[in-house]
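Asker: Handing you this structure, nothing more for now.
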Amino acid sequence: MPIFINLLLSAIRPITFFLPCAAVILGAGFSAFHGIVDGGLFVSLLMLTVLGQVTINLANDYQRAFITAAQKANIKANSEVLYKTRKQMLQLILGCFLTLVLSLGLLSFAAINGSGLALLIIGICALLLLAVLREKTRKAKPLYEKLTITNTLSYATLSAIVPLTLTYYLHTSQLPLSIVLIAVIAGLVTLMHLLSEQISEQIAEKSPVVADNMPKEISTLLLTQKVIIISAALATFLYIYFAYIPLTAGLFIMALPSLYAPIMTLEHYPESDVAKSQTTKIAIAGFAYWVLFTIGLML
């Protein structure tokens with residue numbers, strides 16, 4: 001099997017698709033709520049969202065295999081053994097990136113005959129994604145990667161804000177403030193998963209971790225997750241009330257226990273394998289949060 005296919009298949013990890021796809025579903029749900037439905041556009045955006053996440057996954061794989069691991073093993077960057085694979089992987093990452101950006105541009109012209117705002121959103125997405133790819137293909141992943149405001153905003157923007165706003169805008173040719181606000185709330189929810197990944201890495205590095213003597217870094221991350229859950233839930237309830245949308249959208253409350261349970265589990269069982277499984281559960285719960293909201297919106 002060609003190496004391109006192997007690399008591409010390895011980057012198709014469905015668990016990473018949940019949160020950005022939830023944003024697309026939410027954007028299409030609001031569009032349908034306002035009477036505009038376009039199945040072809042919705043499916044196209046879902047496919048491009050998956051492509052965008054695959055591109056990031058490829059960059060993560062490249063960083064782990066050819067930068068971080070190579071530095072630890074003292075392997076030279078120009079090693080003949082690695083050169084061909086590195087080159088093909090970089091070509092694949094670039095190809096996926098260009099395909100994504102060009103496809104989004106063409107889709108905007110097909111959907112709404114082109115628009116300055118749509119191209120601006122796509123441009124912001126392209127610049128942020130390019131910055132992420134550049135960093136991941138040039139720098140090794142540190143053992144203790146502390147979150148910065150830039151990293152946090154980039155993650156929330158690429159995982160929720162851009163997919164949601166672009167989906168709604170391409171369906172309706174409008175972008176009211178209410179949609180921007182729900183996109184920001186969606187971005188807040190995605191940070192639960194980002195923090196969960198940080199917690200998993202911290203526990204793996206500091207293992208064994210004892211619940212009665214939790215390291216300060218992990219305790220802070222767990223507390224931040226609790227604050228995010230409360231803030232996102234309150235913001236969503238306020239949004240439902242002030243945006244005059246059906247109260248049935250409050251169905252999202254059913255996903256809150258699934259978001260909170262991983263935090264409680266890790267507080268009592270801070271083990272590496274448990275942390276990894278909780279990261280997956282949070283991604284699924286975040287997806288359920290907005291799917292249930294969308295279902296309630298349609299009722």
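Asker: Name the residues in region 148-177 that are polar (S, T, N, Q) and either outside any helix (DSSP H, G or I) or closer than 16 Å to Val24 by Cα (or both), would you?
Answerer: Initial filter on region 148-177 (polar (S, T, N, Q)): 148, 150-152, 154, 157, 159, 165, 167, 172-174.
Listed by number, the residues that qualify are Thr148, Thr157, Ser159, Thr165, Thr167, Thr172, Ser173, Gln174.
Asker: Would you say Leu223 is under 14 Å from Leu191 (Cα atoms), out of contact with any Leu (no Cβ under 8 Å at 6 or more places or on another chain) and either at pLDDT below 95 or assigned to a helix (DSSP H, G or I) (or both)?
Answerer: yes
Asker: Does Ile230 count as assigned by TED's automatic domain parsing to the domain that holds Ile218, surrounded by 16 or more Cβ atoms within 10 Å (Cβ to Cβ) and not charged (D, E, K, R)?
Answerer: No, not satisfied.
Asker: Which one of these does Met214 not meet: (1) surrounded by 15 or more Cβ atoms within 10 Å (Cβ to Cβ); (2) touching a helix residue (DSSP H, G or I) at 6+ places or on another chain (Cβ under 7 Å); (3) assigned by TED's automatic domain parsing to the domain that holds Thr279?
Answerer: (2)
Asker: Here is a list: Leu129, Leu94, Leu153, Leu177. Which entry is surrounded by fewer than 19 Cβ atoms within 10 Å (Cβ to Cβ) and within 18 Å of the chain's Cα centre (by Cα)?
Answerer: Details: Leu129 fails: surrounded by fewer than 19 Cβ atoms within 10 Å (Cβ to Cβ); Leu94 fails: within 18 Å of the chain's Cα centre (by Cα); Leu177 fails: within 18 Å of the chain's Cα centre (by Cα).
Of the residues listed, the single one that is surrounded by fewer than 19 Cβ atoms within 10 Å (Cβ to Cβ) and within 18 Å of the chain's Cα centre (by Cα) is Leu153.
Asker: In region 245-266, what count of residues is obtained for those that are exposed (fewer than 15 other Cβ atoms within 10 Å of the Cβ) and not hydrophobic (A, V, I, L, M, F, W, C)?
Answerer: Looking only at that region, the number is 3.
Asker: Here is a list: Glu145, Glu135. Which entry is among the acidic types (Asp, Glu) and either part of a loop (DSSP other than H, G, I, E, B) or at pLDDT 95 or above (or both)?
Answerer: Working: Glu135 fails: either part of a loop (DSSP other than H, G, I, E, B) or at pLDDT 95 or above (or both).
Matching residue, one of Glu145, Glu135: Glu145.
Asker: Any residue in region 275-299 that's within 15 Å of Ala22 (Cα to Cα): show its pairings with residues that are among the small types (Gly, Ala, Ser) and buried (at least 22 other Cβ atoms within 10 Å of the Cβ) at Cβ separation under 6 Å, as long as the two are six or more apart or on different chains.
Answerer: Going by the 6 Å Cβ cut-off, the qualifying pairs are Ile282/Ser196; Phe287/Ala22; Trp290/Ala22; Phe293/Ala249; Thr294/Gly29; Gly296/Ala249; Leu297/Gly29; Leu297/Ala249.
Asker: Taking interchain pairs and intrachain pairs at least six residues apart, which have beta carbon atoms under 6 angstrom, with the first residue in region 61-86 and hydroxyl-bearing (Ser, Thr, Tyr) and the second modelled with pLDDT of 80 or more and in a loop (DSSP other than H, G, I, E, B)?
Answerer: Tyr62/Thr137
Asker: Here is a further query. Looking at region 190-208, can you tell me whether even one residue there is assigned to a loop (DSSP other than H, G, I, E, B), within 22 Å of Lys281 (Cα to Cα) and of a type in the set (S, T, N, Q)?
Answerer: Within region 190-208, one or more residues are assigned to a loop (DSSP other than H, G, I, E, B), within 22 Å of Lys281 (Cα to Cα) and of a type in the set (S, T, N, Q).
Asker: Scan region 266-279 and tell me whether some residue there is of a type in the set (Ser, Thr, Tyr), assigned to a helix (DSSP H, G or I) and within 30 Å of Pro176 (Cβ to Cβ). It would help to see each step written out before you state the result.
Answerer: So the first thing to find is which residues in region 266-279 are of a type in the set (Ser, Thr, Tyr), and the list is 269, 272, 277, 279.
Now drop any that are not assigned to a helix (DSSP H, G or I), which leaves 272, 277, 279.
Adding the requirement that they be within 30 Å of Pro176 (Cβ to Cβ) leaves none.
Within region 266-279, none of the residues are of a type in the set (Ser, Thr, Tyr), assigned to a helix (DSSP H, G or I) and within 30 Å of Pro176 (Cβ to Cβ).
Asker: Would you please name the residue that is farthest from Met298 (Cα to Cα), looking only at residues in region 24-36 that are touching a residue at least 60 places away in the same chain (Cβ under 8 Å) and not in a helix (DSSP H, G or I)? Outline the logic, then answer.
Answerer: The initial filter retains those residues of region 24-36 that are touching a residue at least 60 places away in the same chain (Cβ under 8 Å), namely 24-34, 36.
Keeping just the survivors that are not in a helix (DSSP H, G or I) gives 34, 36.
Details: His34: 10, Ile36: 13 Å.
Per the stated criteria, the residue is Ile36.
The values are calculated or read from the model by the stated rules, or taken from the named source; none is laboratory data. What you see is a predicted model, and the numbers here were worked out from it, not measured in a lab. Note that each Cβ is placed from the backbone with ideal geometry, even for glycine, and that neighbours are counted across all protein chains shown.
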